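Each remark here refers to the structure printed beneath this line.
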Amino acid sequence: MAVERLDKIISKSGKFTRSEVKRLARNGEITLNGEAVKDVSVKADTENCIITVSGERIDTAEHVYIMLNKPQGVVSASEGRGDVTVVDILPDDMKRKNLFPAGRLDKDTTGFVLVTDDGDFAHRILSPKNHIKKTYIAALDKPIDESKKGVLESGIELKDGTVFRPAELEFIDGDMSNIKITIFEGKYHQIKRMFKAVGSTVVSLKRIKMGNVYLDDKLKEGCARYLTSAEIEEIEKR
């Protein structure tokens, strides 16, 4: 049970400042479990209360975990410095303070991005010691053969000294330029650099899985949904 002041709970939604919350309460626009509340210093159980502001229910969850199907041209950041971010494209009813992507996809890479406000969770899944596996579909300009596939599956060291751990590769329907690849770390431009090292260029890349959770195939590009509690657990499983 998480018990917090009502004004703090509401302001965490990112839609109202604390001063706005106080003003709305004075005007009778805030309810707690169906009763109007004018003293927003009262405390409430965030897991078992219903709060409305001007008739709209407020999300009281301590943290949120969102699956987003990222389109091209969107940056994996909470602030884009002129670019559109993964947080920008979330539906308004999902937006709240302190959201960020737990891990990054390149601007031109599509697919599964996990957006959350839980820093501890993000640290666990991104830590090099615990780095969760991630699976992608890579389309290449030139096919690779079995020997090059074997090189990447054994691990590879680049000329600059960067070492990539062994990956898992699978040709999709026998097409040697259409590859399902699973990696167990998250180095800068890793997949693109791996294929470049064996003579092929990635022309499109889509993340389809994080941990043991697949991107929802019903989720169109640019759309998002909350992860279930079971999915959150499966993200961390090895």
Take VAL151 and GLU233, extend 7 Å from each Cα along the Cα→Cβ direction, and tell me the distance between the two endpoints in nm.
4.3 nm
How much of the DSSP beta bridge set in the chain is antiparallel, as a percent to the nearest 5?
95 percent
Taking 22 Å as R0, compute the FRET efficiency from the Cβ-Cβ separation of MET176 and TYR214 and round it to 0.05.
0.40
Past 23 Å, Cα to Cα: identify those pairs from LYS43/LYS97; LYS134/LYS196; LYS134/LYS187; LYS107/LYS206; LYS187/LYS220, in the order given.
LYS187/LYS220
Below 8 Å, C-alpha to C-alpha, sequence gap of six or more: please give me the relative contact order for the chain in percent.
19 percent
What does the accessible area per residue of the range 168-238 come to in Å², with a 1.4 Å probe and no ligands, DNA or RNA counted?
55 Å²
Cβ-Cβ cut-off under 12 Å around GLU4, Lys and Arg +1, Asp and Glu -1: the net charge is 0
Quick one: P(r) of the range 33-110 from all Cα-Cα pairs, 10 Å bins, percents rounded to integers, in order of increasing distance.
16, 39, 22, 18, 5
Just to verify a number: FRET efficiency for SER78 and CYS223, C-beta to C-beta distance, R0 = 25 Å, to 0.05?
0.85
Considering the options ALA102, VAL163, VAL64, tell which one lies farthest towards the positive end of the dipole of the chain, charges being +1 on Lys and Arg and -1 on Asp and Glu at the Cβ, about the Cα centre.
VAL163
Using just the helices of the chain, give the 222 nm mean residue ellipticity in deg cm²/dmol: DSSP H runs with n ≥ 4 each add -39,500 (n - 2.57), and the total is spread over all residues, rounded to 500.
-5500 deg cm²/dmol
Residue-count net charge about TYR136 - beta-carbon cut-off 12 Å; Lys, Arg +1, Asp, Glu -1:
+4
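Once you have the Cα-Cα distance between PHE184 and ARG124, take 0.36 nm times their residue separation minus that, and quote the gain in nm to one decimal.
20.2 nm
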Taking a 1.4 Å probe, which of LYS97, LYS129, LYS209 shows the most accessible area, and what order do the others take after it?
LYS129, LYS97, LYS209
Calculate the all-directions average of the projected area of the range 133-207's alpha-carbon convex hull, and give it in nm².
4.3 nm²
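Counting only protein heavy atoms and using a 1.4 Å probe, what share of the accessible area of the range 8-134 belongs to carbon plus sulfur, as a whole percent?
Ligands and nucleic acids excluded, carbon and sulfur give 45 percent.
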With every atom except the alpha carbons ignored, what do you get for Rg and Dmax of the range 95-165, in angstroms?
16.1, 49
Quick check: Cα centre of the range 202-236 to Cα centre of the range 44-108, how many Å?
15 Å
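Among the listed pairs LYS142/LYS180; LYS8/LYS209; LYS70/LYS148, which are separated by more than 25 Å between their Cα atoms?
With Cα atoms farther than 25 Å apart: LYS8/LYS209; LYS70/LYS148.
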In debye to the nearest 20, how big a dipole does the range 22-145 give about its Cα centre with +1 on each Lys and Arg Cβ and -1 on each Asp and Glu Cβ?
260 debye
Estimate the FRET efficiency between LYS97 and THR162 by the formula 1/(1 + (r/R0)^6), using the beta-carbon distance for r and 45 Å for R0, to the nearest 0.05.
0.80
For HIS131, solvent-accessible area (1.4 Å; no DNA, RNA or ligand), Å²:
40 Å²
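For the range 1-157, report the accessible area per residue in Å² (1.4 Å probe, heavy atoms, rounded to an integer). Write out the running numbers ahead of the final one.
Working: 8010 Å² over 157 residues.
Per residue, the range 1-157 has an accessible area of 51 Å².
The values are calculated or read from the model by the stated rules, or taken from the named source; none is laboratory data. Predicted model only: the values in this text are computed from it and were never measured. Cβ coordinates were reconstructed from backbone atoms using ideal geometry, including for glycine residues, and neighbour counts include every protein chain displayed. Heavy atoms of the whole protein, side chains included, go into the accessibility calculation; ligands, DNA and RNA do not. Shrake-Rupley method; radii C 1.70, N 1.55, O 1.52, S 1.80 Å.
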